[in-house]
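One structure is given here, and the rest of the page talks about it.
The values are calculated or read from the model by the stated rules, or taken from the named source; none is laboratory data. Note that the coordinates shown come from a computational prediction; the quantities given were computed from them, not determined experimentally. As a convention, Cβ positions derive from the backbone with ideal geometry for all residues, glycine included, and neighbour counts pool all protein chains shown. Calculation scope for accessible area: heavy atoms of the full protein, side chains included, ligands and nucleic acids excluded. Shrake-Rupley method; radii C 1.70, N 1.55, O 1.52, S 1.80 Å.
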Amino acid sequence: MSAPVWANDLGKPRGPEDDGTKPALTRIAGEAIYDSHAFAYLTELSDNVGARVTGSPAGQKAIDWGLAKMKAIGLESVHAEKWSMWKGWTRGTASAEMLAPVHRSLSVDAMGWTGSTPAAGVEADVLYANYFDMDAEIKNIHRFRGKIVMMEPVGMARKSFWMLFAQYGDFLNELQKAGAVAVIGGQGGFAAEGMHLTHTGILGFARDFALPVVDITMEDQRQIERFLVSGKTIRLRINVQNALTSGPVESANVVGEIVGSEHPEEILVVGAHLDSWDLGEGTTDNGTGATCVLAAAEAILRSGQRPRRTIRFVLFTGEEQGLLGSLAYVQQHSDEMKSHLGSVVLDEGQGPVKEIQLGGRDDLIDSMKAFANSLGNLREIGVNDKREFGTDTGPFILAGLPGINLDQDSPDYKYTHHSAADTLEAVKPEVLTQNATVMALTAFWLADRPERFATPWPAERSAKMLREKGEYDMLKALGLWQFGDLGLGGNSDHN
Ligand SMILES: [Zn+2]
């Protein structure tokens, strides 16, 4: 017998205990935990497919693998949605050695979508440039002619992290024009995390650079800094070989569905990016997310429970080059966005899910809490309206929807992130299984609850929220601000 409903409880958000979804969720949890294939899929993706840079042959192999997996687990209308990227890039080799003041080899790796030295490499002195004051460095840019430039954050930053990131791309182009021969500065001069690790990545959303730019291990960077401070002349030999394509290359998002029983036209996206960097196996970034998507889909299918609304599972590509696949998805489905409920994305490494972030939609916090509280036997999971633009939630937030980020407690992610340590060894199967379970339950509840979870906010309201939350500078710097002057308020605004 259910408890009597009092008048003042009627407006209270209902969780699975009260909204009729609990029996289905219980079956799904059983499949997801007891008969999970998540770690088997992650092993295949890591070891058989391996690193999978967007636009490369390995990237295509991953797409084919994703399509085959979605079909094998029984998703409906499985297909690839092609999109194209401005240029492709392939890593070659990168080596460096110090010739003076001491002779030793250094550990470096090229940053993505950066160029090469001449085939024989270059030999040059090192000069540092202040990452925190690129305005001053640009005024004196000609002193870098013929030099290897070492980026260093010196003094106090007078701009935000994202403003500096955006300026860095322009600065690299100025250095190239001025005749610098190579740049050490994958992290903008901040030391690489971990012992003897390098971390690759992009230096601008959808941007490439003719200059060779490398990341260097923390230990090697510290030694060079020590020699710089003591006024010694540092001479290096560096040889970096990469290949940029001359024109666009094709990639594709991988899509499959569980069609809704009552409102098939209403769609919840559940996704993660399939592409990765190439120094490791791309296991924690983001094999974990991609295989949780597959395992979540499989658990729902095997439970025999069909949600009221459609769940569309999407493995995005091009995330690492600037959310390109998810931006393409939102663009290709623009007519359908009004029928979307939101997106659920997992991309924060190898740790357990700790927080459901609603992408600025504070109107949904109470409803989501009613569900999150029901997960207490699995794990305590918080709910807030934080916005994550560092992964595929971003384009959905810009579309006015809850781009829901399942944030994770991943203290070791700073080591595995884009590094050679990103391999299967970094993942605990039981944590992966738990995350896939949380994803399956979240997806099913959102798609099946009696009331539609969310409709998109109008652009004006999203723009206002993003400005109020302080996201404008970052979005502008990344070229993602699409709202013009919207959200500035004005006379008609009485708030
Ligand atoms: Zn990622």
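Key figures for this structure:
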quantity	calculated
Residue tally, condition touching a strand residue (DSSP E or B) at 6+ places or on another chain (Cβ under 9 Å), surrounded by 17 or more Cβ atoms within 10 Å (Cβ to Cβ) and over 17 Å from Ala119 (Cα atoms), over segment 170-183	4
Extreme residue, nearest to the ligand (Cβ to nearest atom), among residues of segment 283-306 that are touching an Asp or Glu at 6+ places or on another chain (Cβ under 6 Å) and under 19 Å from Ile33 (Cβ atoms)	Gly289
Pair list, Cβ under 8 Å, 6 or more apart: segment 309-330 residue under 22 Å from Ala454 (Cα atoms), other residue within 11 Å of the ligand (Cβ to nearest atom) and aromatic (Phe, Trp, Tyr)	Ser326/Phe316; Tyr329/Phe316
Tally of residues being open to solvent by less than 10 Å² (accessible area, probe 1.4 Å) and closer than 23 Å to Gly74 by Cα across segment 303-340	11
Every pair of residues 6+ apart whose Cβ atoms lie under 9 Å, when the first sits in segment 386-409 and is part of a helix (DSSP H, G or I) while the second is within 13 Å of the ligand (Cβ to nearest atom) and of a type in the set (Val, Ile, Thr)	Phe396/Val345
Lone unmet requirement of (1) within 16 Å of the ligand (Cβ to nearest atom); (2) more than 24 Å from Met111 (Cα to Cα); (3) of a type in the set (A, V, I, L, M); (4) assigned to a helix (DSSP H, G or I) for Leu327	(2)
Output for segment 387-423, where each listed residue is out of contact with any Gly (no Cβ under 6 Å at 6 or more places or on another chain), within 29 Å of Ala191 (Cβ to Cβ) and more than 16 Å from the ligand (Cβ to nearest atom)	Pro411
Residue list for segment 101-155, restricted to those being in a loop (DSSP other than H, G, I, E, B) and under 28 Å from the mean Cα position of the chain (by Cα)	Ser107, Met111, Gly112, Trp113, Gly115, Ser116, Pro153
